[in-house]
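Below: one structure, written as structure tokens.
Laboratory data are not the source of any read-out in this text; all were calculated from the coordinates shown. Keep in mind that what you see is a predicted model, and the values were worked out from it rather than measured. Because the Cβ atoms are built from the backbone with ideal geometry, glycine has one as well, and the counts that use them run over all protein chains shown.
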Amino acid sequence: MNRKPWEELVITDDFLFGKVMTDPIICKGTLERILGVKIESIEYPERQKVIDVDYDAKGVRLDVYVQDGKGTVYNIEMQALSTDNLPKRSRYYQGMIDLNLLEKGAHYSELNQSYVIFVCNFDLFKCGRHLYTFENICLQDKEICLKDETTKIFLNAKGTMNDVSDELKAFLNYVSTGEVSDDKFVNAVDQAVKSARENKEWRREYMTQYMRELEIKMKARADGKVISIISQIRKKIVKGLSCEVIADMLETDVEMVEKIVELIKENPSLDDEMIYAQFEDRE
């Protein structure tokens with residue numbers, strides 16, 4: 001599992017991007033350039049907000065989740081690598097944000113205006129634009145807007161059209177190349193990136209996150225290996241082989257084989273994954 005060294009992180013690395021955006025001045029300035037409007041204030045910037053609506057639902061981890069003085073919610077995501085699932089991911093994020101707001105007791109009519117924004121270091125739609133903005137409109141009459149107050153924005157740091165302000169171009173060029181210009185805001189962002197890399201607490205958090213992800217990955221591999229063993233044991237039970245012989249053939253522990261054989265015989269209707277769950281509970 002390769003992980004970029006902390007010293008080499010740049011604005012397109014979502015961990016560092018999230019940290020930089022915890023500076024309300026940087027976050028506010030970024031939103032103002034993207035949306036082309038003045039924002040009075042940013043409230044409670046949160047790096048990688050986690051929304052878990054239900055215990056068995058797929059949660060979502062947001063890079064940047066902020067609210068302005070008018071209650072408008074902004075989710076900003078950095079996306080360095082191209083992937084075809086971004087449109088549906090934006091749909092899912094939007095839905096999770098709404099559910100999170102409703103969990104706090106809001107009525108449908110009180111749902112905040114919200115923006116889901118992806119800052120991409122590639123052209124998702126391959127049209128050369130720097131900015132792609134989506135709102136819900138009527139297909140039969142494009143003059144009719146649904147007015148559900150949801151907006152999805154995809155930025156392309158490698159855009160070629162003259163379709164956005166010079167200020168936004170300067171920011172996107174920094175995202176794309178890492179090169180600073182005479183733009184004061186871009187210089188401030190670059191300084192924030194450098195300062196973030198000098199933050200020892202954030203460095204420890206980055207490494208801790210890496211170790212946690214590595215442990216999860218190793219656990220998943222171990223789980224898969226045991227499930228594979230269960231599948232092989234099941235086949236060998238049918239042949240009437242003893243636990244000792246099976247353990248020798250699979251080069252694994254006899255005691256483990258005995259426990260799995262017992263579980264399979266006690267629960268003939270359970271599949272390999274469910275047997276594994278039972279096995280884990282007994283460990």
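Once the trypsin sites (Lys or Arg not before Pro) in DSSP loops with at most 16 neighbouring Cβ atoms within 10 Å are cut out of the chain, the longest remaining piece is 159-238.
A cut-off under 11 angstrom between Cβ atoms defines the neighbours of Gly71, and their net charge, with Lys, Arg +1 and Asp, Glu -1, is -3. The loop-placed GluC sites (Glu not before Pro) in the range 228-265, going by DSSP, that have at most 14 neighbouring Cβ atoms within 10 Å of their Cβ come out as Glu251.
Using a cutoff of 8 angstrom between alpha carbon atoms and counting only pairs six or more residues apart, the relative contact order for the chain works out to 14 percent. Using the Cβ-Cβ distance between Ile25 and Leu99 with R0 set to 35 Å, the FRET efficiency from 1/(1 + (r/R0)^6) comes to roughly 0.70. For the range 146-205, GluC sites (Glu not before Pro) are listed when DSSP marks them as loop and at most 14 other Cβ atoms sit within 10 Å of their Cβ; the list is Glu149, Glu179, Glu198. Grab the beta carbon distance between Gln209 and Lys239, set R0 = 35 Å, and tell me the FRET efficiency rounded to 0.05. The computed FRET efficiency comes out at 0.15. Within the chain, the whole DSSP H helices whose Cα atoms reach 30 Å or more along their own axis and whose mean Kyte-Doolittle score is at least -1.0 are 200-238.
Straight-line reach from Lys259: taking Cα to Cα under 28 Å and skipping same-chain neighbours fewer than 8 places apart, the lysines in range are Lys217, Lys219, Lys225, Lys235, Lys236, Lys239. The alpha carbon centroids of the range 194-256 and the range 264-283 are separated by 17 Å. Calculated mean residue ellipticity at 222 nm for the chain: -15500 deg cm²/dmol, from DSSP H runs with n ≥ 4 weighted as -39500 (n - 2.57), summed, divided by the residue count and rounded to 500. Dipole of the chain (Lys/Arg Cβ +1, Asp/Glu Cβ -1, origin at the Cα centre): which of Ala157, Asn100, Thr208 lies farthest to the positive side? Result: Ala157, furthest along the dipole toward the positive end.
Modelled spin-label separation between His107 and Ser269, with each label point placed 7 Å from Cα along the Cα-to-Cβ direction: 4.7 nm.
Computed about the Cα centre, the dipole magnitude for the range 6-198 is approximately 240 debye when only Lys and Arg (+1) and Asp and Glu (-1) carry charge, each at its Cβ.
Restricting attention to the range 125-201, lysine pairs at least eight places apart or on different chains and with alpha-carbon atoms under 28 angstrom apart total 15.
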